[in-house]
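Colleague: First the structure, which I've put down as structure tokens, then a few questions once you've had a look.
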Amino acid sequence: MKPTLYVFVALISILSFSCQPELKKPLQLSTLFSDHMVLQQNKEVAFWGQYTPEKKITITGSWGEETTALSDASGHWKTKLLSPSAGGPHTIKVISKDSTIVIDDVLFGEVWLASGQSNMEMPLKGWPPNDTIQNSDQEIAMANYPEIRMFTVPRTISVIPLDSVKGQWVAATPKTAGDFSASAYFFAKRLQNELKVPVGIIHTSWGGTVAEAWTSNAALRELGDFNETLDLIEKPETFDLVNTWFDQKPTKEFPDTEAAWQAIDFSDLDAANPEFDDSNWSVITLP
């Protein structure tokens, strides 16, 4: 009886496994690949995203190129498509068995990453009312460059690499250029003037951040100087403690207009008075 029982159990296990529903995921692209984007000319340009595991994805370009990819067991896929010479606009289609993603108004030219601290983060309009850029109003009014486009990556904290980010490609116009990184904008403007091709800037910067914050865990592990910190931030309870600490502190909304900046009050002048009573202030340890 025992061998028969074993065979019966094995058959039940096989049937149960074979009847498991297919793990379906909608066809997705990283948000970097979206309408109005600029891609590098004359290169094999990488595309990536997610789909149902072990399924085929086809990417076609309106200039005649095509490539395919197969999603892995977790649903991730990546492939490369040969890009044309500078110009456009073009259309790119990402096609699966059950859906199609169409990306319109795609230009090809020179693509650069602009990253750093506050000197790269500062927008063309500056930080009013005091930290403004000379002649910024005139520059913004004349910013009519449909072939200069910027993708600004919003600030996001994560201890693991992310497949995608929020954001969108935006062409330089008087309505949009004020929010462009000023350094990146002037760089793109000069580059386009000299090369006469579309220019795309992926802007990702965060004032005051250290180089280690932009470096992968694997690279930092090779140095050996940050292992204790890496061990700490990889524990979920660490972030619970951080969030609890911040939740206990008073906050103010960050001003987004000149009038709001003028109205904000941190009691600076009161605190400068030698007789100011700070006995009720809490004490914190600075890093």
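The values are calculated or read from the model by the stated rules, or taken from the named source; none is laboratory data. None of these values were measured; they are calculated from a predicted model. All Cβ positions, glycine included, derive from the backbone under ideal geometry; neighbour counts span all protein chains shown.
Colleague: Could you check region 210-256 and list, in sequence order, the residues that are in a loop (DSSP other than H, G, I, E, B), at pLDDT 85 or above, loosely packed, with under 10 Cβ neighbours inside 10 Å and within 26 Å of the chain's Cα centre (by Cα)?
Modeller: Correct list: V210, S216.
Colleague: Filter region 260-281 for residues that are within 29 Å of P129 (Cα to Cα) and among the polar types (S, T, N, Q); which is modelled with the highest pLDDT?
Modeller: Across region 260-281, the extreme among qualifying residues is N273.
Colleague: If you take the residues of region 55-89 that are aliphatic (A, V, I, L, M), more than 23 Å from K24 (Cα to Cα) and under 24 Å from the mean Cα position of the chain (by Cα), which of them is surrounded by the most Cβ atoms within 10 Å (Cβ to Cβ)?
Modeller: L81
Colleague: Give the residues of region 59-80 that are assigned to a strand (DSSP E or B), without any contact (Cβ under 8 Å) to a residue 60 or more places away in the chain and either of a type in the set (D, E) or within 26 Å of G167 (Cβ to Cβ) (or both), sorted by residue number.
Modeller: I59, T60, G61, E66, T67, A69, W77, K78, T79, K80, listed by residue number.
Colleague: Among W214, W169, which is the only one that is over 30 Å from Q262 (Cβ atoms) and in contact with a His (Cβ under 6 Å, 6 or more places away or on another chain)?
Modeller: W169
Colleague: Against the condition outside any loop (DSSP other than H, G, I, E, B), closer than 19 Å to T91 by Cβ, touching a residue at least 24 places away in the same chain (Cβ under 8 Å) and among the aromatic types (F, W, Y), how does F33 come out, does it pass? So that I can check it myself, show each step before the final result.
Modeller: Values: outside any loop (DSSP other than H, G, I, E, B): no; closer than 19 Å to T91 by Cβ: yes; touching a residue at least 24 places away in the same chain (Cβ under 8 Å): yes; among the aromatic types (F, W, Y): yes.
No, not satisfied.
Colleague: Shifting gears a bit: Scan (1) more than 30 Å from G88 (Cα to Cα); (2) under 18 Å from the mean Cα position of the chain (by Cα); (3) surrounded by 11 or more Cβ atoms within 10 Å (Cβ to Cβ) for the single condition I160 breaks and write down its number.
Modeller: Failing condition for I160: (3).
Colleague: When both residues are 6+ apart or on different chains and their Cβ atoms are under 7 Å apart, which pairs have a first residue that lies in region 128-154 and is without any contact (Cβ under 8 Å) to a residue 60 or more places away in the chain and closer than 20 Å to Q168 by Cα, and a second that is buried (at least 20 other Cβ atoms within 10 Å of the Cβ) and of a type in the set (F, W, Y)?
Modeller: Taking only residues 6 or more apart or on different chains, the pairs are M150/F180.
Per-residue answers, yes or no, for (1) aliphatic (A, V, I, L, M); (2) out of contact with any Pro (no Cβ under 8 Å at 6 or more places or on another chain); (3) in a loop (DSSP other than H, G, I, E, B); (4) modelled with pLDDT under 95:
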position: I133; (1), (2), (3), (4): yes, yes, yes, yes
position: D137; (1), (2), (3), (4): no, yes, no, yes
position: K166; (1), (2), (3), (4): no, no, yes, yes
position: A188; (1), (2), (3), (4): yes, yes, no, no
position: V197; (1), (2), (3), (4): yes, yes, yes, no
